[in-house]
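Okay, so here's the structure we're looking at.
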Amino acid sequence: MTLVLPLAIPWFAAVALAALDGRRPAVGWAAVASLAAALVATAALAIRVWTEGPVETVTGGWPVGVGITLRADALSVLFSLLTLAVLVVCLAHEVLSGIESRLFPALVAFMTVGLTGLFLTGDIFSFYVFFEIAMVSAYVITGYGGRPRQISAAFVFAVVNLLGSFVFLIAIAATYHVTGSLEMGQVAERIADVEPSTVILIAVTVFVAFGVKLGLFPFHFWLPVVYASVRPAVAAILSGALANIGTYGVLRFGADVFPRELEFSASALVVLGVITILYGAMQAMSRRTAPEVIAYSSIGQVGYVLIALAIGGPIGYAAAVLYAILNSLNKVLLFLASGLRGWLVGAAFFVGVISVAGIPPAAGFFGKLEVFRAAIEDASVTLVALLFLGGALSVVYLLQIYQHVYWRPGGVAAGGEASPVVLRALTFAVALVVLALGLWPEPLLAASRAAAEVLVGGPE
Amino acid sequence: MTSLLTQVVVRLLLAPTIVIAAAVLAKGYSSVGDGFSAGVIAALGVIAVYLVLGAEQADRLLPVRLAPVGAIAGLLITLVVTFSSVVRGEPLLTHAPPPGADVIHLGTLELITAVAFDVGVFLLVFGAVVGILRTVALARSEAGS
């Protein structure tokens, strides 16, 4: 029951909302309330998982491998909690600023269905199905606002990501072909007996599919266009909630299903991660508008997750999980703040800036710290130096855009009317959460270590 | 392209298409077929009418305006069936009555919750395909006029 509620609530909410006019504030608030209810249900599930261990059920009472396995472990509940929290905040933000489209709340609810579903499933094919539910809602949400820029952004986003989904589907077919199962645990067991040259091909295909979602270099080309053209709340949803598919997918498939291949390709991943960090930072430095800088910064930040994943082991995986979570919170904060005007907004943006740059007391400091720890554990001087360089560059480009937007007389933030105070308060609350996590990071650190243990232990 | 012949044939074909869809839906429990393929087959019949007669006339001929309602109703049916087993204390998607129990027969069709689930899937697929098609067709004819 605890496992089913986080899935059932958004499903029924999505169907009910699809029939209602989402432009009415009451409907919007009902959507926020139902997502918040799903968040509470997920929190209950998370507490059970953290205290009693993974929760698992097979649909229809079938044996494993025949029925669909639903599984909640420390990694999946952590990502579900994060994603739901992000979606609640972003939807509340959009309701407060006035929803323009009748279907927006329903689409966010459908996206929630897809995201919680894919985090809580232990079956690769239903992972794909939930993934598509989330992606299809995302294509429509990207076009939200209806201006030509947004429509063309939605087009780019849909085309590139459909290609990514297609590549993923091929990888699933190949996995089934060589293992005869799509249950993650069974696949992980049987894949060890398959010829390595076949498996590495499948693993690379899966990696490319998630690389496209995440906007990793060299699959990043779609990301800046999309993030800089859509509305701030939509950009926050895409980078804070939807991009979690990529990080969760890379972690789950890389460390859990294909651990041998992950180890084998570790150096390639480190190289790719370093290029991603430096490329994102260099591009971000050359931009002058906040959404573009944040978009390139989010390309760069994914590189840290990749490097931590490549280092592997309990420390590396914990760092990857922690960094992914903090990165998504930072992006939500920065994107929401970039769309607002008035006092408190600059402060909220600044908290996001120091969090991305990894300056205490913001939570981002611990993300950077853990990745550094993992690199030191790996005893690689070059890697530590390159990570430091990446961090230094992020300080430069973020403080530059902060100055450019909030300090310059006649800057973007100076002109125009102030945004409604509730919107600013909501964004500032996100900033306070980032600060609070920086001042009291133990629960988050413990949760990411628990998630890493799932990956290190492998499937039960 | 649309001669009198195609216009007549497409109207005549619609009823058999729906019957075939119903047959595919019903026989899914003993041989190949299910709500999804039935929905696609039924939608193909409607698509043919759209192609030949155009959006306005098809709208007058068929109750396609209700397609989104059908899709939402279908989704709701499948969700209720999916989650009702949890309320009974069984795993998700467990169908009732259980295997071996006495069930009501309707010809060869056994009335079990799996049938309701598939009817929901049929409505969802059929409603969604027709609804999307209608939106595209109306947008095109608006752009054309």
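Rounded to the nearest 0.05, the FRET efficiency derived from the C-beta distance between residue A:260 and residue A:221 at R0 = 41 Å is 0.85. Taking a ≥ b ≥ c as the square roots of the eigenvalues of the Cα gyration tensor, segment B:39-130 is classed as prolate, since a/c reaches at least 1.5 and a/b is larger than b/c. Label-to-label distance for residue A:388 and residue A:66 is 6.0 nm, based on points extended 7 Å past Cα in the beta-carbon direction.
Based on the Cβ-Cβ distance of residue A:194 and residue A:379, what FRET efficiency does E = 1/(1 + (r/R0)^6) give at R0 = 30 Å, to the nearest 0.05? The calculated FRET efficiency here is 0.40. Whole-Hz Karplus values for segment A:140-145 come out as 6, 4, 4, x, 4, x Hz, taken residue by residue from phi with 6.51 cos²θ - 1.76 cosθ + 1.60 and θ = phi - 60°; glycine and proline positions read x. Of the residues B:65, A:260, B:134, the one with the largest accessible area comes first in the ranking B:65, A:260, B:134, computed with a 1.4 Å probe on protein heavy atoms.
For the protein assembly as shown, the Stokes-Einstein estimate of translational diffusion at 37 °C and a viscosity of 0.692 mPa s comes to 129 µm²/s, using the Kirkwood hydrodynamic radius over alpha-carbon pairs. Note on residue A:147 and residue B:40: the model spin-label points, each 7 Å out from Cα along the C-beta direction, lie 4.1 nm apart. A straight Cα-to-Cα reach below 16 Å connects residue A:213 with the lysines A:331, residues fewer than 8 places away in its own chain not being considered. With the charge dipole of the protein assembly as shown set up from +1 on Lys and Arg Cβ and -1 on Asp and Glu Cβ about the Cα centre, the Cα lying farthest toward the positive end among the listed residues A:88, A:344, B:75 is that of A:344. Across the options A:108, A:448, A:374, the greatest Cα extent toward the positive end of the charge dipole of the protein assembly as shown (unit charges at beta carbon of Lys, Arg, Asp, Glu) belongs to A:108. Counted by Cβ distance under 14 Å from residue A:398, the other residues give a net charge of +3, where Lys and Arg count +1 and Asp and Glu count -1. When only the Cβ of Lys, Arg, Asp and Glu is charged (+1, +1, -1, -1), the dipole of chain A relative to its Cα centre reaches about 1620 debye. Spin-label pair residue B:61-residue A:408: with each label point 7 Å from Cα along the Cα-Cβ axis, the two points sit 6.1 nm from one another. Across segment A:311-405, the mean sequence separation of Cα contacts (distance under 8 Å, 6 or more residues apart), normalised by length, yields a relative contact order of 30 percent. Considering the zone a paramagnetic label at residue A:396 would reach in this model (a point 7 Å from Cα along the Cα-to-Cβ line), which residues of segment A:293-317 have amide N under 20 Å from it? A:293-304, by backbone N distance to the label point.
Overall form of segment A:119-193: prolate. Here a/c, set by the Cα gyration tensor axes a ≥ b ≥ c, is 1.5 or more, and a/b is the larger of a/b and b/c. Simple point charges give the picture: +1 on the Cβ of Lys and Arg, -1 on the Cβ of Asp and Glu, and for segment A:265-460 a dipole about the Cα centre of about 640 debye. Can you find, among A:259, A:206, A:238, the residue farthest towards the positive end of the dipole of chain A? Put +1 on the C-beta of Lys and Arg, -1 on that of Asp and Glu. So the residue furthest toward the plus end is A:238. The residues packed around residue B:28, meaning those with a beta-carbon under 12 Å from its beta-carbon, carry a net charge of -2 if Lys and Arg are +1 and Asp and Glu are -1.
The values are calculated or read from the model by the stated rules, or taken from the named source; none is laboratory data. Quick caveat: nothing in here was measured; it's all calculated off a predicted structure. For neighbour counting, all protein chains shown are included, and Cβ atoms are generated from backbone atoms with ideal geometry for every residue, glycine included. When the accessible area is computed, the model is the full protein with side chains, heavy atoms only, and any ligands, DNA or RNA have been set aside. Shrake-Rupley method; radii C 1.70, N 1.55, O 1.52, S 1.80 Å.
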